[in-house]
């Protein structure tokens, strides 16, 4: 794999930003690394970070590079700060950056597939929210989407989490209670039929467990099929390192 730290200017954000990118290689003679790069443009996973992380977190705290190499999968990890992947009410347009600008920038910089069947999105915590929001609002873009320990019910967070920093965050990002386009439970209940495959994993000791249970309930009440599993685990990197391997095994990678 090639590990690339890419700094570039974002028109949507009106500021320079960064992303970390993994690109597959053959690695035929590298000891301990299995490469499966082909001649065609590789499939791509957009892998989203959590509230207190940045675009380097997945490569620092998991072995995503090794796991992706075995799949011949490119991985794009953008930086969005504490934005909840939203066009912030009092800040910058991170949803516009993610959903419109980023795929175009990736296409212009790197030789990766843009076909729906080759494109996936996943994330943890805030990134799980971002992954499902992207998949629900632009289902035609993805073959599959995965959330690990996702902060999936932002309306519930607004109503029940009265910690000062969460109240400030909700006001800055959403202007209070998340509304249309930002409330995943509303989105999944009204989702179109042709959704990507949805995968959800959350630990039973995770403080966001209720978010995930409520999302699964909303999805099933709306007739949306979801591959959801709950098991022992907390909100920590050991759990996510294990679960991202299972997610990669479930992705419908055709190469």
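No lab work stands behind these numbers, since they all come straight from the coordinates. In this text the structure is predicted, and so the values were computed from the model without any measurement. Cβ placement follows ideal geometry from the backbone for every residue including glycine, while neighbour counts extend to all protein chains displayed.
Sorting 193, 133 by the number of Cβ atoms found within 10 Å of their own Cβ, with the fewest placed first, yields 193, 133. In this rough spin-label picture, where each label sits 7 Å from Cα along the Cβ direction, the residue 2-residue 137 distance is 3.1 nm.
Name the shape class, rounded, prolate or oblate, that the alpha-carbon gyration tensor gives for the stretch 146-255, where a ≥ b ≥ c are the square roots of its eigenvalues, rounded holds for a/c under 1.5, and otherwise prolate holds if a/b is larger than b/c and oblate otherwise. Taking the square roots of the gyration eigenvalues as a ≥ b ≥ c, the stretch 146-255 is oblate. Per-residue ellipticity at 222 nm computed for the chain from its helices equals -9500 deg cm²/dmol, with DSSP H segments shorter than 4 residues left out and the rest contributing -39,500 (n - 2.57).
Distance between the modelled labels on residue 242 and residue 63, one decimal in nanometres: 1.5 nm (7 Å Cα→Cβ projection). Between 226, 64, 166, the GNM of the chain built on Cα springs shorter than 10 angstrom shows 166 fluctuating the most. Considering only 114, 242, 20, the mean-square fluctuation computed in a Gaussian network model of the chain, springs between alpha carbons under 10 angstrom, is largest for 242. Contact order for the chain, expressed relative to its length and based on alpha carbon pairs under 8 Å spaced 6+ residues apart, stands at 17 percent.
Each of 58, 134 was scored by other Cβ atoms within 10 Å of its Cβ. Listed from fewest to most, they are 134, 58. With a cut-off of 14 Å on the backbone N, the residues of the stretch 127-148 near the modelled label site 7 Å out from residue 250 along Cα-Cβ are 128, 132, 144-148.
Among 32, 175, 72, the largest mean-square fluctuation in a Gaussian network model of the chain (Cα springs under 10 Å) belongs to 32. Just for the chain, what percent of DSSP beta bridges are antiparallel, to the closest 5? Within the chain, antiparallel bridges account for around 40 percent of the total.
Sorting the segments 142-151, 117-126, 84-93 by their mean number of nearby beta carbons within 10 angstrom, highest to lowest, gives 142-151, 117-126, 84-93. Of 44, 112, the sequence from fewest to most neighbouring Cβ atoms within 10 angstrom is 112, 44. Please work out the Kirkwood hydrodynamic radius for the stretch 16-145, using every pair of different C-alpha atoms, and report it in angstroms with one decimal place. Hydrodynamic radius (Kirkwood, Cα only) of the stretch 16-145 equals 15.0 Å.
Working from label points 7 Å from Cα in the Cα-to-Cβ sense, the residue 15 to residue 33 distance is 3.3 nm. For the chain, the longest principal axis of the alpha carbon atoms and the long axis of helix 237-250 meet at an angle near 70°. Annotation: extensible slack from residue 117 through residue 166 equals 14.0 nm (criterion: 0.36 nm per residue apart, minus Cα-Cα distance).
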